[in-house]
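S.K.: Structure provided below as structure tokens; questions to follow.
Taken together, the values in this text are just the output of simple stated rules run on the coordinates, not laboratory data. Treat the numbers as computed from the prediction; the structure is a model and nothing was measured. Ideal geometry is used to build each Cβ from the backbone, glycine not excepted, and the neighbour counts take in all protein chains shown.
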Amino acid sequence: RTVYVNGEYLPETEAKISIFDRGFLMADGVYEVTSVIGGKLVDFEGHSARLQRSLNELDMANPVTMDELLAIHRALIEKNQLDEGGIYLQITRGAPADRDFAFPDPDETPSSLVLFTQVKNLVNALAAQKGIKVISIDDLRWTRRDIKTVQLLYPSMGKMMAAKAGADDAWMVEDGKVTEGTSNNAYIVKGGKIITRKLSNDILAGITRAAVLRLAKEAQMVVEERSFSIEEAQEADEAFVTSATTFVFPVVEIDGKAIGSGEVGSVASRLREIYIEESL
Ligand code: PDD
């Protein structure tokens, strides 16, 4: 693979970042994952807008312009002949001379920028046909989940807890209500209504979420943005998740209880279809 690191395109084995980089020492960094179908980026605009917002919230500088970022994405697709998968982008607060809790002076310590491609079956993902099983876990993350930071230890632990329980993913719960999945937004469907938590600092504003809710409304489906509990989800007709790496995955089981018929639901399938249709 050819990857991008701080202005250079290099074989992945030659790309290097300092051990003093604050991304490495302090998880002081933000990221984006943009999906690629048929060699084309899906909603780069949405991802770059959210990236800019994450950077602003953390008072971090983008070392390049958004136009340059788009050019780097396209160059990596080209260099790696990427047809389907994603591009991972990470900006960290760079490598100061030594470890220190205070932010370094941005004029002396420029942020680091890294991008790489990942091959993945998105359109024909197996989980889209079978649905996924989720467990519920407490949401023990910090409370600025609206910023897409690289602090992913708890979501990783959540995935491991799910695997140990024979499930595919975990839905996180705070004050009795589901916040989101470890790396996706969570939804239920009841009486034809699509229910998902409203945007706030409690969850990440998914780019796929925005597109799916827009498409749902365009298809005359009713969307209700409010919180729901695991108990309500278990009694729902359907459940599903969205993200750049899953698009729409049906959820067929929550904490061991089958959702609806226990089969992939028709609303989730339809949303997946129209989302992919639009993204092609
Ligand atoms: N995760 N919520 C969380 C906590 C996420 O990490 C993600 C994305 C989403 C969905 O956002 P989007 O639709 O913009 O992908 C929601 C990415 C895919 C990841 O960490 O790999």
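S.K.: Would you pick out the residues in region 215-224 that are charged (D, E, K, R) and either closer than 18 Å to Ser48 by Cβ or touching a residue at least 24 places away in the same chain (Cβ under 8 Å) (or both)? Before you say what the answer is, go through the steps one by one.
M.R.: Our first condition is that a residue be charged (D, E, K, R); within region 215-224, this holds for 217-218, 224.
Residue satisfying the conditions is Glu224 alone.
S.K.: Oh, and also: Identify the residue in region 236-280 that is among the aromatic types (Phe, Trp, Tyr) and touching a residue at least 60 places away in the same chain (Cβ under 8 Å) and, among all such residues, is surrounded by the most Cβ atoms within 10 Å (Cβ to Cβ). Before the answer, list the steps.
M.R.: To start, the set of residues in region 236-280 that are among the aromatic types (Phe, Trp, Tyr) comprises 240, 247, 249, 275.
Next, from what is left, pick out any that are touching a residue at least 60 places away in the same chain (Cβ under 8 Å): 247, 249, 275.
Working: Phe247: 25, Phe249: 27, Tyr275: 20.
That would be Phe249.
S.K.: If I filter region 146-153 for residues that are of a type in the set (Ser, Thr, Tyr), in contact with a Ser or Thr (Cβ under 6 Å, 6 or more places away or on another chain) and more than 20 Å from Glu263 (Cα to Cα), do I get at least one hit? If you could, list the steps in order and put the result at the bottom.
M.R.: Pass one, region 146-153, residues of a type in the set (Ser, Thr, Tyr): 149.
Checking which are in contact with a Ser or Thr (Cβ under 6 Å, 6 or more places away or on another chain) leaves us with none.
Checked region 146-153: no residue is of a type in the set (Ser, Thr, Tyr), in contact with a Ser or Thr (Cβ under 6 Å, 6 or more places away or on another chain) and more than 20 Å from Glu263 (Cα to Cα).
S.K.: Pairs needed: first member in region 29-51, without any contact (Cβ under 8 Å) to a residue 24 or more places away in the chain; second member anywhere, within 12 Å of the ligand (Cβ to nearest atom); C-beta distance under 8 Å; at least 6 residues apart or different chains.
M.R.: Between residues of region 29-51 that are without any contact (Cβ under 8 Å) to a residue 24 or more places away in the chain and residues that are within 12 Å of the ligand (Cβ to nearest atom), the close pairs are Ser48/Glu32.
S.K.: Quick one: which helices (runs of 4 or more DSSP H) lie wholly within region 16-109 and hold at least 3 residues that are among the acidic types (Asp, Glu) and exposed (fewer than 15 other Cβ atoms within 10 Å of the Cβ)? Reasoning before the result, please.
M.R.: Details: elements: 22-26, 44-57, 66-79.
Output list reads 66-79.
S.K.: Restricting attention to region 139-158, report how many residues are surrounded by 15 or more Cβ atoms within 10 Å (Cβ to Cβ) and over 14 Å from the mean Cα position of the chain (by Cα).
M.R.: 4
S.K.: To continue, here is another question. If Val36 passes every condition in (1) more than 16 Å from the ligand (Cβ to nearest atom); (2) hydrophobic (A, V, I, L, M, F, W, C); (3) in contact with a helix residue (DSSP H, G or I) (Cβ under 8 Å, 6 or more places away or on another chain) but one, which one does it miss?
M.R.: (1)
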